[in-house]
Each structure stands twice: as structure tokens, then as C-alpha cells.
Amino acid sequence: MLGITVFPEYIQSEGVEPLLDNLMNRAPVSAVSISPYIMRECPADQGGHREPPADADKGLTRLLERPLWGKKEVWIKTAPSFEPNLELYQRLRYQPSKGDASTKKEGHIIDQFIEAAQSRRIKVYFQIQSAIPPGYRVQFGGPIGDDISLLPDGSRPENCLDNNGSIASPHILGYGEALIKDLIQQYPKIDGVRIDWPEFPPYFFESIFTDFGPHVESFAKEHGFDFQSIRESSDSQYRFFLQALNNDHLKEYVKTPEKLITDLQVSPDRARLKSQIVTNLLLRYRNALDSVGGNEKELIPSAFPIPWNRLSGFDYQSNGEIANAISCKYYTMHWPMMLKNYTETLTRNNPGLSKSLLAKCLCAAFDAVSPTPESSDSFHYPEPEENHPVSTVALGKKQVQVEAESTNAPIWPITHSYGPCNDFAKRAKAVFSVSKKRLWINRYAYLTDEKLDALGEVVRSSEVE
């Protein structure tokens, strides 16, 4: 079973039939995810956003490997591919983007793609953002007011990559429910919904210690948590990492890597609170699907792998009871970037830290970069032609671990196509070979024909083993 994320701009750029024909001729694709928007070029000085995303400026090295309208880097704007049913969004804080002339001109291409793909026995899903209204693309939208996630002291984090709003916010959840209902009613033939970032994404060190906004406080009190105690202990732990961390602590973490993850979780109550907030979001979105006759539609969240899920609040066991399947994200170009983000915060606030010890500590705890560099200064976002610094053994181990935790829902490993062809194929095989023959690829923008051929070989070769 092979799935690929194909965003609508490539359907527009390459055409429905040529794109599908090329996929099927090169790899045994059984599912695709698209999104409910259309795209047009727009200069940066007129509000256009870069495609591909900059990933908090650390991903500016990335260029598109499949040209989009003949270009490797494009500034764009989007519009919904449909006219939203505004009745579903009445009295909500967030409202859907309005359709424009491009919606009327090109929006029908999404219906055409769904029909054409399903005629080839390819399942089609919508991918949406779980907590970034209007929810169509990661670069657009975001939270306002008291929906912005806060640190324990009530301040806003200085750094952010995902732009998620508080996933405990009734405003965020209400909009997400309305969007899901709208999509199912607008596109009744769709096979399901894939939701991204239904958790507390830990891209930056500060992000690990969110969210302590008013909506989390209300949720905590409604569910029997001592919010004040959790906030105070989290603030104390956060200050420890920013003010008191020393090399003796790093040596201890190197000896006992799991202790770093436990210390970052703060306490069992803090971990349970985050987990329950995530599960509540998934349950509400599942109920939204069911409420409009979508009982047979699949809900598939994407989540961080072990041990990052311990910090993001995503419990594979409990969430597997709600979701039809779960995608575990192996976006291995992000992993050294994340460790770099952590390093920058920790060394800036604790200038006496040994960068050698810090590299050992982070590599041991997260098992995400291999080999361990001599200095934490070496963590960096891989260049386009640079192999990702990750062990294939570690990739397989993480997949086996999450499959063991999720006893109800199947786990689709989702790997990223960014990087050299041979390295991409190696990473894909590492998780596919231990995943009960499931694999999802994000995303088509980096899948050259050479990579599609290599992907087809990975999948087909397993069928004869």
C-alpha cells in the first residue's frame, strides 16, 4: 500500500490525467492526499508566500525538485477550490477563505482529480491543518487573540514554525469541525480526511513548554487537573533548562537518555493533560465526520515519532481507538534542524555548556541524528544533495515501537522525499520493510521521475520477498 501527498498546484501545473498516468506507470500508488484549494502565482511584495515553505528560514536551502509552472521556487497565493457553506461557520471566530475568480475558473479540477483517481482504484483524501484556520495550507492563516499558545509565565514563544493555535481552544476546534463538515458535504466522494499537527509540535525548545493559555486552563479544570500546580512546575523546569543547566546535567542525560525526555515532560500530570487535549481534538473531529454521514470516511492524523510524541502529547494507543489509521512522520531533514533549534536556545542561555556533551545528549535522547557530531554546532538542515544524517536502524526501530503502541489503528510511516534519490529510497525502504507493507510519501514536489522509479522498485521488490 503506497500513498503520496500531491498538492493541487501540481494537478493544475501538470494536468489531471498526465499526473496520474505518470504516477501509475512508475509506482504502484494506491492512495493520494490532496487539499481543498487552488493556487496561483503572486509576487512576494503583493503578499505571496514562498513555495516550498521556508521552515522558519532554516529550509530556505530547499528548492522544488518537480518544477511548478516551470520554476523551482515560486511565490504564491491560494483560494479555496469550493464556495464554503457559510451557515456552518455562523458565530465562529474564524471564517473560511472566500472563493475568488480562480475558484470559479479552476476549482472544478479537484472534482475531476477525485473522479479520475478513484476510477483507477486510488483512494483520495483531503489533507488539512488541525489548528491553523483556514486550514488549507501551512503557510496561510493562524490563530489570533487568546488562541495563541503561551509559555508557563503567560508570554508568547519567540520562535515558532508550525503556527498552530491552541488545540484546546473552542474557537479552533469549532472551526475545524465546521471545515470537516463542509468538505464532506462539498466532496461526498472523498475517502477521508488526513489532519496535520493535531498535537503540540516541538520544533523549538520553547514549543515543548506550551500551551498555558486560558483555553488549556479551562480544559484542565474541567477534567480534574490542578492547572496551577502544573503551570508552576512547568515554569520551574523551563527556568532550570534556561538558567541552571550545566555539564554535569548533560553527563547524566548522556548516561540515561530517557531522563531528558522525562524532564522535558515535566510531570505525569503535565503529560496526561497534553495527551487528553490531543485526544479531545481527534474525538471532536471524528464526531464531526460522523455527524454529516461520514461514518465510513477515514480519519487519519499525522504525528511525531517516538520520543517526540511524548513531548507533543500524541498517545498512539488512545488515539488509535479514534483514528482509522495514523501516519508517523519521518521528516528526517527536520530532525537535525530541531536539534539545532534546541541547541541554540540552550547554549544562548547557558553559555558554559559543552557543545560536545550537548550533541551526545541530544543524539542519545532522540536517536534522530547519526553519527553523533563532535559539536552541537554541526546540527543543520540538510542541503538538497546531502544525505540525511539518520540511521536506517533507528528509523526501523521507531516504526516498530509505534506499531507496538497502536494496537487498534494501523500505522502508515510517512517519509519525506526531500534529499538525494538513493538516500530517499534507503529511508523509504527502512520504514516500509518493517511496516506491514505500508508507506506514505510527502511530497510530490520533491518526487522527480527518478525518485518515483526508485520508490516503485522499493515497493515492488518487497512483493516478491
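The values are calculated or read from the model by the stated rules, or taken from the named source; none is laboratory data. These figures come from a predicted structure and were not determined experimentally. Reconstructed Cβ throughout: ideal geometry from the backbone, glycine too, with neighbour counts over all protein chains shown. Ligands, DNA and RNA are excluded from the accessible area calculation, which covers all protein heavy atoms including side chains. Shrake-Rupley method; radii C 1.70, N 1.55, O 1.52, S 1.80 Å.
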*asked:* Let me make sure I get this right: for the range 160-262, a, b and c are the square roots of the gyration tensor eigenvalues over alpha carbons, sorted descending. Under 1.5 in a/c it's rounded, otherwise prolate if a/b > b/c, else oblate. Which is it?
replied: prolate
*Whole number in Å², please: accessible area per residue of the chain, 1.4 Å probe, ligands, DNA and RNA not counted.*
38
_Amide H within-cut-off set for residue 81, under 5 Å, with H built and near neighbours excluded_ = 37, 38
*asked:* With a 1.4 Å probe and all protein chains left in place, how much of the accessible area of the chain comes from carbon and sulfur atoms, in whole percent?
replied: 48
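Only four residue types carry charge here, +1 at the Cβ of Lys and Arg and -1 at the Cβ of Asp and Glu. Report the dipole size of the range 406-465 about the Cα centre in Debye, rounded to the nearest 20.
Numbers: 9 positive and 7 negative charges, 60 e Å.
Roughly 280 debye, rounded to the nearest 20.
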*For residue 189, go through the lysines and keep the ones whose alpha-carbon is under 22 Å away, minus same-chain ones fewer than eight residues off.*
104, 105, 123, 181, 297
*Taking a spot 7 Å from the Cα of residue 256 along the direction of its beta carbon, which residues of the range 302-316 have an amide N less than 20 Å from it?*
307-308, 310-311
*Once phi is turned into ³J(HN,Hα) by the Karplus curve 6.51 cos²θ - 1.76 cosθ + 1.60 with θ = phi - 60°, what whole-Hz value does each residue of the range 265-275 show in order, with x for glycine and proline?*
5, 6, 7, x, 5, 4, 5, 5, 4, 4, 4
*Under-5 Å amide H pairs with residue 127, H placed in peptide plane, nonlocal only*: 34, 35, 194
*asked:* Amide H of residue 412 versus every other amide H placed in the peptide plane: which residues, excluding those fewer than 5 positions away on the same chain, fall under 5 Å?
replied: 326, 327, 328
*Only one of the values (i) 21.0; (ii) 27.5; (iii) 30.2 was calculated from this structure for mean projected area of the Cα convex hull in nm²; name its label.*
(i)
*Counting Lys and Arg as +1 and Asp and Glu as -1, each charge on the Cβ, what is the dipole of the range 363-423 about the Cα centre in debye, to the nearest 20?*
300
*asked:* Solvent-accessible area of residue 332, probe 1.4 Å, all protein chains present, reported in Å² to the nearest ten, please.
replied: 0
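Pull out a ≥ b ≥ c, the square roots of the eigenvalues of the alpha-carbon gyration tensor of the range 274-406, then state rounded if a/c is under 1.5, prolate if not and a/b is larger than b/c, and oblate in the remaining case. All intermediate terms of the calculation are to be shown ahead of the outcome.
Details: a/c = 2.68, a/b = 2.14, b/c = 1.25.
The shape class here is prolate.
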_Residue among 285, 264, 300 farthest towards the positive dipole end of the range 256-300, charges placed on Cβ_ = 264
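At most 15 other Cβ atoms within 10 Å and a DSSP loop assignment: could you name the GluC sites (Glu not before Pro) in the range 277-349 that fit?
Details: sites: 296, 298, 321, 344; in loops: 296, 321.
Answer by residue number: 296, 321.
What shape does the range 1-109 take by its C-alpha gyration tensor, where a ≥ b ≥ c are the square roots of the eigenvalues and a/c under 1.5 counts as rounded, a/b above b/c as prolate, and the rest as oblate?
oblate
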*asked:* I'd like the accessible area for residue 343, computed on protein heavy atoms only with a 1.4 Å probe and all protein chains in place. Round to 10 Å², please.
replied: 10
*Enter the accessible area of residue 191 (Å², nearest 10), with the probe set to 1.4 Å and all protein chains included.*
40
_Dipole moment magnitude, nearest 20 debye, the chain about Cα centre, only Lys, Arg, Asp, Glu C-beta charged_ = 440
